[in-house]
1. How far apart, in nanometres, would the label points at ALA88 and TRP203 be if each is projected 7 angstrom from Cα along the Cα-to-Cβ direction?
2. For GLU42, which sequence-distant residues (separation of 5 or more, or a different chain) have an amide H within less than 5 Å of its own amide H, given hydrogens modelled in the peptide plane?
3. Averaging over every viewing direction, what projected area does the convex hull of the Cα atoms of region 165-226 cover, in nm²?
4. So what's the back-of-envelope 222 nm ellipticity for the chain, counting only DSSP H runs of four-plus at -39500 (n - 2.57) apiece and dividing by all residues, rounded to 500?
5. Which order do peptides 131-142, 54-65 fall in by mean Cβ count within 10 Å, highest first?
6. Rounded to whole Å and sorted largest first, what semi-axes of the equivalent ellipsoid does the C-alpha gyration tensor of region 3-255 yield via the square root of 5 times each eigenvalue?
7. Can you tell me how much longer the chain between ARG214 and LYS121 gets when fully stretched, taken as 0.36 nm per residue apart minus their C-alpha distance, in nm with one decimal?
8. How much length would be gained if the chain were fully extended between ARG227 and GLN256, taking 0.36 nm per residue of separation minus their Cα-Cα distance, in nm to one decimal?
Amino acid sequence: MKRLPLLVAVLASLSSQAFADAALDALVAAYPDRLASYSETELVWKDGSRMPLGRLQPNLPFEQRLNQASIRDQFAIPYPLAGAPFQAPPRDIDPGRLRNEAFFLKMYGDCRKGEIAPRMKSVPWLPSHGGGSVRVTTINGVADQLEKVSRELDRLPAALIAYLVPTSGTYNCRPIAETNRLSVHAFGAAIDVNARFGDYWLWAKRPDGGIAWRNRIPREIVEIFERHGFIWGGRWYHFDSLHFEYRPELIALAKQGWPRE
Ligand SMILES: [Zn+2]
């Protein structure tokens, strides 16, 4: 008899969410503090507000797509599986770099209105190696996840520590260089490791207009971040090898082998 209410609840949820989408399932699961569900056209937030998913915009010039990415576009470029080789990605393959700004502003708040700092927390950074502390948002458990990353990095062999200490910053209320888009640093959900070993696409343009991919960050470091939900800027055609940002939905989908052919 006790099972009846459960059955009713299951049937009700099936009818209210007849539309299923693996990417959106991963998105809702990744941000439990904020997201509730979705329909075929909208994302439903826990506060009851709804946001359009928009449409995929594969035919937009890439720079324009970056500037006006929809929520659906955020999944247009799958993040590679953990253990995928470190190599130059094909042109404009920047998994995670298409971000819908309205989504991130609603998720984490607007730093220009002072909404990020009150939600941040200090995380000890490689405490055995004098890393001090870094401040990141507590929303969706970002600070807790970064603390797990820090504890694992802290146990790496001594030769790898120089890549991590000192860090080059977490929270920074600023747009991405040469754009009007807010960086994930402006949401308190990203960290740059030691800039001494960082490589950046804007510094690596070839005379033919292409980009010469380059990376010095060791695999052991990247794998620890990825295991805890942070994607790495070294996996982008427009690479930023010292950059990690919290995007657990993309890591979860990679683990599921999404998208399936
Ligand atoms: Zn960064």
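Quick note: the coordinates plus some simple rules give every number you see, no bench work behind them. Quick caveat, the model's predicted, so the values are computed rather than measured. Neighbour counts are summed over all protein chains in view; Cβ atoms, including those assigned to glycine, are modelled from backbone coordinates with ideal geometry.
1. 1.8
2. Long-range HN contacts for GLU42: LEU53.
3. Values: hull surface 21.2 nm².
So the mean shadow area of the Cα hull is 5.3 nm².
4. Values: 8 runs with 71 residues, N = 261.
It comes out at -7500 deg cm²/dmol, rounded to the nearest 500.
5. Working: 131-142: 19.8, 54-65: 12.8.
Going from most to least packed, we get 131-142, 54-65.
6. Working: eigenvalues 189, 104, 62 Å².
Whole-Å semi-axes of the equivalent ellipsoid: 31, 23, 18.
7. Numbers: separation 93, 0.36 × 93 = 33.48 nm, distance 3.28 nm.
Taking 0.36 nm per residue and subtracting the Cα distance, the gain is 30.2 nm.
8. Taking 0.36 nm per residue and subtracting the Cα distance, the gain is 9.1 nm.
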